[in-house]
Amino acid sequence: MARKILAAGNWKMNKTPSEAAALIEEMKKTCASDTVEVLLCVPAIDIPAAVAAAAGSNIQIGAENVYFEDKGAFTGEIAPDMLLDCGIKYVILGHSERREYFAETSETVNKKMIKCFEKGLIPIMCCGESLEQREQGITIDWIRQQVKVGFLGLTAEQAKQAVIAYEPIWAIGTGKTATSDQAEEVCKAIRELICELYGAEVAEEIRILYGGSVNGGNAAELFAKEDIDGGLVGGASLKPSFGEIVNYK
Ligand code: PGA
């Protein structure tokens, strides 16, 4: 299997620029790896300090969000060129917290996906069901809809570079991880959908992450699953022990 495991941190609204620089100095030691791709998505204002701190190491810095316009009167937003100018390649899109607290929809996520590829950023598009949806038995239908709308208008060449993060909302920040079988079931269904939309080659190449209470103790079992190509990690990416996830083997 050619897909490289991606261990991606999502710092959310944590760490000041100076705290970020100090933490990354420590993480350079714990997160060294030749085999796993290591990424820390940090608050926008932390990016320059984080990039400077990570320089010369295997740690890449990413963003947690971006806007879908090039520039202009959009107070408070971050443009793709601003991220690119800082050396950013990856950006998280459509995290469930953005959907819940900041009114993001699959339609706005789709606009952002298209803009990212136009500009040369790689999106990590999040999807995930609520506990209620899981109990209603509509998880796969819901995820398929989120992914279908998110990917509308993307070419096969673009789709295969994208990263999808399956994050059941009930598992985020709760300490309640999906079982590796539950996570695999949905990640496999996402890969099957990508195969329907873009064919087998794209489905084989696209990376699908699991997120939701990933830690050093459960990463190995999750990442061993056939359709799980790494993790999007919140709480456990805020400490040097994130290295236990990077070096899960
Ligand atoms: P968590 O967050 O690892 O703290 O559950 C994951 C996420 O929201 O990306």
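List, please: which pairs have Cβ atoms under 6 Å, are six or more places apart or on different chains, and start with a residue in the range 203-218 that is without any contact (Cβ under 8 Å) to a residue 40 or more places away in the chain and end with one that is buried (at least 17 other Cβ atoms within 10 Å of the Cβ)?
ALA203/ARG191; ALA203/ILE194; VAL214/GLY231; VAL214/VAL233; ASN215/ALA236; GLY216/GLU244; GLY216/ILE245
Here are some residues: ILE92, ILE45. Which one is modelled with pLDDT of 95 or more, closer than 30 Å to SER241 by Cα and either within 16 Å of the ligand (Cβ to nearest atom) or buried (at least 21 other Cβ atoms within 10 Å of the Cβ) (or both)?
Of ILE92, ILE45, the one residue that is modelled with pLDDT of 95 or more, closer than 30 Å to SER241 by Cα and either within 16 Å of the ligand (Cβ to nearest atom) or buried (at least 21 other Cβ atoms within 10 Å of the Cβ) (or both) is ILE92.
Select from the range 128-171 the residues that are crowded, with 22+ Cβ neighbours inside 10 Å and touching a residue at least 60 places away in the same chain (Cβ under 8 Å) and list them in ascending order.
GLY128, VAL163, ALA165, GLU167
From the list ILE194, ILE190, which one is away from the ligand (no atom under 15 Å from the Cβ) and touching a residue at least 60 places away in the same chain (Cβ under 8 Å)?
Working: ILE194 fails: touching a residue at least 60 places away in the same chain (Cβ under 8 Å).
Result of the check over ILE194, ILE190: ILE190.
Output the number of the condition that VAL66 fails; it satisfies all remaining conditions of (1) surrounded by fewer than 24 Cβ atoms within 10 Å (Cβ to Cβ); (2) away from the ligand (no atom under 16 Å from the Cβ); (3) within 19 Å of the chain's Cα centre (by Cα); (4) assigned to a loop (DSSP other than H, G, I, E, B).
Of (1) surrounded by fewer than 24 Cβ atoms within 10 Å (Cβ to Cβ); (2) away from the ligand (no atom under 16 Å from the Cβ); (3) within 19 Å of the chain's Cα centre (by Cα); (4) assigned to a loop (DSSP other than H, G, I, E, B), only one is false for VAL66: (1).
Yes or no: the range 114-121 includes at least one residue that is at pLDDT 95 or above and within 25 Å of ALA224 (Cα to Cα).
No, the range 114-121 has no match at all.
Tally up the residues in the range 1-30 that are within 16 Å of the ligand (Cβ to nearest atom) and under 18 Å from the mean Cα position of the chain (by Cα), please.
Looking only at that region, the number is 9.
Anything in the range 181-203 that is over 19 Å from VAL149 (Cβ atoms), under 18 Å from the mean Cα position of the chain (by Cα) and either surrounded by fewer than 19 Cβ atoms within 10 Å (Cβ to Cβ) or of a type in the set (A, V, I, L, M, F, W, C) (or both)? List them, or say none.
Quick first cut of the range 181-203, residues over 19 Å from VAL149 (Cβ atoms) only: 181-185, 188, 199-201.
Retained after the next criterion (residues that are under 18 Å from the mean Cα position of the chain (by Cα)): 183-184, 188.
Matches in the range 181-203: ALA183, LYS188.
Out of SER237, SER241, which single residue is out of contact with any strand residue (DSSP E or B) (no Cβ under 9 Å at 6 or more places or on another chain) and in contact (Cβ under 8 Å) with a residue 60 or more places away in the chain?
SER241
So how many residues does the range 210-235 have that are touching a Gly at 6+ places or on another chain (Cβ under 7 Å) and either aliphatic (A, V, I, L, M) or in a loop (DSSP other than H, G, I, E, B) (or both)?
First pass over the range 210-235, keeping only residues touching a Gly at 6+ places or on another chain (Cβ under 7 Å): 210-211, 213-214, 219, 222-223, 231-235.
With either aliphatic (A, V, I, L, M) or in a loop (DSSP other than H, G, I, E, B) (or both) added as a condition, the list becomes 213-214, 219, 222, 232-234.
Qualifying residue count for the region: 7.
The values are calculated or read from the model by the stated rules, or taken from the named source; none is laboratory data. What you see is a predicted model; the values in this text were computed from it and never measured. No Cβ is skipped: glycine too gets one built from the backbone with ideal geometry, and neighbour counts run over all protein chains shown.
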